[in-house]
Amino acid sequence: QIVIYETGMKLRPSSLPALAQCGGWESKPFDTTFTQMGTLRHEALEDLIKNKDRTKFDELPETEADGVQWAADYININTSDTHPMEWEQNGTIEAGDVTIKGRYDLVNGNKLFDLKNQLESKGKSYIPQMAAYALMIMMRDDLETFEAHLLYAAPKVVKTHKFTRAQAEKILSDVVDN
(Lines give C-alpha, C1' and ligand atoms only; values in the text may rest on other atoms or scores of the structure.)
Protein backbone atom coordinates (compact mmCIF):
# COMPACT_ATOMS: atom_id res chain seq x y z
CA GLN A 1 0.00 0.00 0.00
CA ILE A 2 1.08 3.59 -0.60
CA VAL A 3 1.92 5.28 2.70
CA ILE A 4 0.88 8.94 2.76
CA TYR A 5 2.09 11.55 5.26
CA GLU A 6 0.91 14.75 3.60
CA THR A 7 -2.74 15.74 3.32
CA GLY A 8 -4.72 16.93 0.32
CA MET A 9 -1.85 16.40 -2.14
CA LYS A 10 -2.76 16.35 -5.85
CA LEU A 11 -0.12 15.18 -8.27
CA ARG A 12 0.27 14.55 -12.00
CA PRO A 13 2.28 11.55 -13.16
CA SER A 14 4.32 13.84 -15.43
CA SER A 15 5.51 15.78 -12.35
CA LEU A 16 6.69 12.66 -10.50
CA PRO A 17 10.18 12.42 -12.13
CA ALA A 18 11.01 15.97 -11.00
CA LEU A 19 9.45 15.47 -7.56
CA ALA A 20 11.51 12.31 -7.09
CA GLN A 21 14.63 14.49 -7.49
CA CYS A 22 13.38 17.46 -5.44
CA GLY A 23 10.29 17.41 -3.24
CA GLY A 24 9.98 21.20 -3.54
CA TRP A 25 9.79 21.23 -7.35
CA GLU A 26 6.93 23.24 -8.87
CA SER A 27 5.48 22.98 -12.35
CA LYS A 28 5.96 25.70 -14.98
CA PRO A 29 3.33 26.80 -17.52
CA PHE A 30 2.71 24.36 -20.38
CA ASP A 31 2.55 26.76 -23.32
CA THR A 32 6.19 26.47 -24.35
CA THR A 33 7.45 25.61 -27.82
CA PHE A 34 8.86 22.37 -26.36
CA THR A 35 5.46 21.22 -25.07
CA GLN A 36 3.69 22.34 -28.25
CA MET A 37 6.00 20.18 -30.38
CA GLY A 38 5.44 17.29 -27.97
CA THR A 39 1.69 17.64 -28.44
CA LEU A 40 2.11 17.64 -32.23
CA ARG A 41 4.27 14.49 -32.08
CA HIS A 42 1.65 12.72 -29.95
CA GLU A 43 -1.25 13.75 -32.19
CA ALA A 44 0.63 12.67 -35.32
CA LEU A 45 1.50 9.29 -33.76
CA GLU A 46 -2.08 8.62 -32.68
CA ASP A 47 -3.55 9.62 -36.05
CA LEU A 48 -0.95 7.58 -37.90
CA ILE A 49 -1.78 4.38 -35.99
CA LYS A 50 -5.39 4.80 -34.91
CA ASN A 51 -6.89 6.51 -37.96
CA LYS A 52 -4.30 5.64 -40.64
CA ASP A 53 -4.31 9.40 -41.29
CA ARG A 54 -1.01 11.03 -42.29
CA THR A 55 -2.24 14.65 -42.27
CA LYS A 56 -0.71 15.67 -38.93
CA PHE A 57 2.30 13.43 -39.52
CA ASP A 58 3.02 15.15 -42.86
CA GLU A 59 2.95 18.55 -41.10
CA LEU A 60 5.81 17.59 -38.76
CA PRO A 61 9.34 18.79 -39.54
CA GLU A 62 11.33 15.97 -41.18
CA THR A 63 13.54 15.46 -38.11
CA GLU A 64 10.42 14.99 -35.93
CA ALA A 65 8.57 12.83 -38.47
CA ASP A 66 11.42 10.31 -38.64
CA GLY A 67 11.21 9.61 -34.90
CA VAL A 68 7.41 9.45 -34.88
CA GLN A 69 7.43 6.94 -37.76
CA TRP A 70 9.97 4.84 -35.85
CA ALA A 71 7.69 4.92 -32.75
CA ALA A 72 4.64 3.98 -34.85
CA ASP A 73 6.51 1.01 -36.32
CA TYR A 74 7.55 -0.14 -32.84
CA ILE A 75 3.98 0.14 -31.51
CA ASN A 76 2.55 -1.74 -34.50
CA ILE A 77 4.98 -4.62 -33.89
CA ASN A 78 4.47 -4.76 -30.11
CA THR A 79 0.70 -4.40 -29.69
CA SER A 80 -2.01 -7.01 -29.89
CA ASP A 81 -5.37 -7.01 -31.67
CA THR A 82 -6.81 -9.03 -28.78
CA HIS A 83 -6.76 -5.92 -26.54
CA PRO A 84 -8.16 -2.46 -27.27
CA MET A 85 -5.83 0.39 -28.16
CA GLU A 86 -6.59 2.92 -25.42
CA TRP A 87 -5.29 6.29 -26.59
CA GLU A 88 -4.97 9.31 -24.28
CA GLN A 89 -7.20 8.02 -21.50
CA ASN A 90 -7.39 9.50 -18.01
CA GLY A 91 -6.42 7.50 -14.97
CA THR A 92 -6.56 8.15 -11.24
CA ILE A 93 -4.93 6.78 -8.12
CA GLU A 94 -6.36 7.75 -4.76
CA ALA A 95 -4.43 6.73 -1.68
CA GLY A 96 -5.32 8.41 1.59
CA ASP A 97 -5.34 12.13 0.93
CA VAL A 98 -3.18 11.93 -2.17
CA THR A 99 -4.71 11.95 -5.64
CA ILE A 100 -2.65 11.26 -8.75
CA LYS A 101 -4.46 12.03 -11.99
CA GLY A 102 -2.96 11.77 -15.41
CA ARG A 103 -3.40 10.87 -19.04
CA TYR A 104 -1.33 8.09 -20.53
CA ASP A 105 -0.37 7.91 -24.21
CA LEU A 106 -1.38 4.36 -25.17
CA VAL A 107 -2.35 1.23 -23.25
CA ASN A 108 -2.80 -2.13 -24.96
CA GLY A 109 -3.63 -4.90 -22.48
CA ASN A 110 -0.89 -4.95 -19.85
CA LYS A 111 1.46 -2.73 -21.89
CA LEU A 112 1.87 1.03 -21.94
CA PHE A 113 3.61 2.96 -24.72
CA ASP A 114 4.79 6.46 -23.81
CA LEU A 115 6.35 8.76 -26.41
CA LYS A 116 9.24 10.93 -25.28
CA ASN A 117 11.64 12.86 -27.48
CA GLN A 118 15.03 12.82 -25.75
CA LEU A 119 16.62 10.47 -23.24
CA GLU A 120 16.44 11.55 -19.61
CA SER A 121 18.96 14.11 -18.49
CA LYS A 122 21.43 13.16 -15.77
CA GLY A 123 19.65 12.14 -12.57
CA LYS A 124 16.15 12.29 -14.03
CA SER A 125 14.10 9.13 -14.45
CA TYR A 126 10.68 8.56 -15.95
CA ILE A 127 10.25 5.46 -13.75
CA PRO A 128 7.94 7.23 -11.23
CA GLN A 129 5.68 8.48 -14.05
CA MET A 130 5.55 5.00 -15.61
CA ALA A 131 4.90 3.44 -12.18
CA ALA A 132 1.89 5.76 -11.73
CA TYR A 133 0.43 4.83 -15.11
CA ALA A 134 1.15 1.15 -14.46
CA LEU A 135 -0.58 1.26 -11.08
CA MET A 136 -3.60 3.06 -12.56
CA ILE A 137 -4.10 0.21 -15.03
CA MET A 138 -3.19 -2.56 -12.60
CA MET A 139 -5.78 -1.24 -10.13
CA ARG A 140 -8.41 -0.76 -12.83
CA ASP A 141 -7.93 -4.17 -14.47
CA ASP A 142 -6.86 -6.12 -11.36
CA LEU A 143 -3.43 -6.95 -12.81
CA GLU A 144 -0.36 -7.99 -10.84
CA THR A 145 2.22 -7.03 -13.50
CA PHE A 146 2.52 -4.34 -16.14
CA GLU A 147 5.06 -3.36 -18.79
CA ALA A 148 5.92 0.22 -19.78
CA HIS A 149 7.68 0.99 -23.07
CA LEU A 150 9.33 4.41 -23.14
CA LEU A 151 9.84 5.39 -26.78
CA TYR A 152 12.52 8.05 -27.24
CA ALA A 153 11.82 9.33 -30.75
CA ALA A 154 14.90 11.45 -31.48
CA PRO A 155 17.55 8.82 -30.67
CA LYS A 156 15.20 5.91 -31.59
CA VAL A 157 15.71 4.14 -28.28
CA VAL A 158 13.24 2.03 -26.29
CA LYS A 159 13.50 1.45 -22.56
CA THR A 160 11.15 -1.20 -21.19
CA HIS A 161 10.27 -1.42 -17.51
CA LYS A 162 8.31 -4.24 -15.91
CA PHE A 163 6.41 -3.49 -12.72
CA THR A 164 4.66 -5.59 -10.14
CA ARG A 165 1.90 -3.88 -8.27
CA ALA A 166 4.01 -3.83 -5.09
CA GLN A 167 6.97 -2.25 -6.94
CA ALA A 168 4.79 0.49 -8.46
CA GLU A 169 3.23 1.26 -5.06
CA LYS A 170 6.68 1.47 -3.43
CA ILE A 171 8.02 3.81 -6.11
CA LEU A 172 5.06 6.16 -5.72
CA SER A 173 5.20 6.01 -1.94
CA ASP A 174 8.88 7.02 -2.03
CA VAL A 175 8.15 10.00 -4.29
CA VAL A 176 5.28 11.18 -2.11
CA ASP A 177 7.49 10.82 0.98
CA ASN A 178 10.09 13.03 -0.73
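Quick look at the values:
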| quantity | calculated |
| --- | --- |
| Among residues of region 30-55, those that are within 18 Å of the chain's Cα centre (by Cα), among the aliphatic types (A, V, I, L, M) and at pLDDT 85 or above, counted | 4 |
| Test: residue in region 116-131 that is in a strand (DSSP E or B) and either within 29 Å of Leu40 (Cβ to Cβ) or among the small types (Gly, Ala, Ser) (or both) | yes |
| Criterion violated by Val175 - all others in (1) in contact with a helix residue (DSSP H, G or I) (Cβ under 6 Å, 6 or more places away or on another chain); (2) more than 18 Å from Gly96 (Cα to Cα) satisfied | (2) |
| Pair list, Cβ < 7 Å and 6+ apart or interchain, from region 146-165 residues that are touching a residue at least 60 places away in the same chain (Cβ under 8 Å) and assigned to a strand (DSSP E or B) to residues that are surrounded by 22 or more Cβ atoms within 10 Å (Cβ to Cβ) and of a type in the set (Gly, Ala, Ser) | Leu151/Ala71 |
| Criterion: of a type in the set (S, T, N, Q), touching a His at 6+ places or on another chain (Cβ under 9 Å), under 26 Å from Ile137 (Cα atoms) and surrounded by fewer than 18 Cβ atoms within 10 Å (Cβ to Cβ) - qualifying residue of Asn51, Asn78 | Asn78 |
| Count of residues meeting criterion [farther than 14 Å from Val107 by Cβ and loosely packed, with under 13 Cβ neighbours inside 10 Å] in region 140-155 | 3 |
| Test set (1) touching a residue at least 24 places away in the same chain (Cβ under 8 Å); (2) surrounded by fewer than 18 Cβ atoms within 10 Å (Cβ to Cβ); (3) under 9 Å from the mean Cα position of the chain (by Cα) - Arg103 fails condition number | (1) |
| Number of the exception - Leu60 against (1) surrounded by 13 or more Cβ atoms within 10 Å (Cβ to Cβ); (2) modelled with pLDDT under 95; (3) under 16 Å from the mean Cα position of the chain (by Cα) | (3) |
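The values are calculated or read from the model by the stated rules, or taken from the named source; none is laboratory data. These figures come from a predicted structure and were not determined experimentally. With ideal geometry, Cβ positions are generated from the backbone for all residues, glycine too; neighbour counts draw on all protein chains shown.
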